[in-house]
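What follows is a structure written as structure tokens; I'll ask about it next.
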């Protein structure tokens, strides 16, 4: 099926709990490219690209997040691929 892309927006206690660094580790483990960043409203925004099965695994991880996180909602929007080369934490 090829590369797919998804935008995620995690709500809840997702800042100050190592969400971005943990998401980067998980994405790299799954060979997913993209980025993650904190938003000013307290959410965490993620753009992820990769194989659909790997993206589904990543989405499942994002629904829980790292220890200490409390994800109350995860918005999922499938989007067009942008062609990233790595997965980075944006500030």
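The values are calculated or read from the model by the stated rules, or taken from the named source; none is laboratory data. What you are looking at is a predicted structure, and each value in this text was computed from that prediction instead of being measured. A quick note on method: Cβ atoms are made from the backbone with ideal geometry, for glycine too, and the neighbour counts reach across all protein chains shown.
When the residues of region 55-72 are narrowed to those that are under 10 Å from the mean Cα position of the chain (by Cα) and touching a residue at least 24 places away in the same chain (Cβ under 8 Å), which ends up farthest from residue 2 (Cα to Cα)?
Per the criteria, the residue is 65.
Let me ask something additional. On the given criteria, is residue 84 in contact (Cβ under 8 Å) with a residue 12 or more places away in the chain, surrounded by fewer than 18 Cβ atoms within 10 Å (Cβ to Cβ), touching a strand residue (DSSP E or B) at 6+ places or on another chain (Cβ under 7 Å) and in a loop (DSSP other than H, G, I, E, B)?
Against the criterion (in contact (Cβ under 8 Å) with a residue 12 or more places away in the chain, surrounded by fewer than 18 Cβ atoms within 10 Å (Cβ to Cβ), touching a strand residue (DSSP E or B) at 6+ places or on another chain (Cβ under 7 Å) and in a loop (DSSP other than H, G, I, E, B)), residue 84 qualifies.
Can you tell me which residues in region 11-48 are within 17 Å of residue 84 (Cβ to Cβ), surrounded by fewer than 23 Cβ atoms within 10 Å (Cβ to Cβ) and in contact (Cβ under 8 Å) with a residue 24 or more places away in the chain?
Answer for region 11-48, where residues must be within 17 Å of residue 84 (Cβ to Cβ), surrounded by fewer than 23 Cβ atoms within 10 Å (Cβ to Cβ) and in contact (Cβ under 8 Å) with a residue 24 or more places away in the chain: 20, 24, 26, 28, 30, 33, 35, 37, 45, 47.
Residue-by-condition table, conditions (1) under 13 Å from the mean Cα position of the chain (by Cα); (2) farther than 15 Å from residue 89 by Cβ; (3) part of a strand (DSSP E or B); (4) at pLDDT 95 or above:
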{"residue": "1", "(1), (2), (3), (4)": "no, yes, no, no"}
{"residue": "5", "(1), (2), (3), (4)": "yes, yes, yes, yes"}
{"residue": "37", "(1), (2), (3), (4)": "yes, no, yes, yes"}
{"residue": "45", "(1), (2), (3), (4)": "yes, no, yes, yes"}
{"residue": "53", "(1), (2), (3), (4)": "no, yes, no, yes"}
{"residue": "74", "(1), (2), (3), (4)": "yes, yes, yes, yes"}
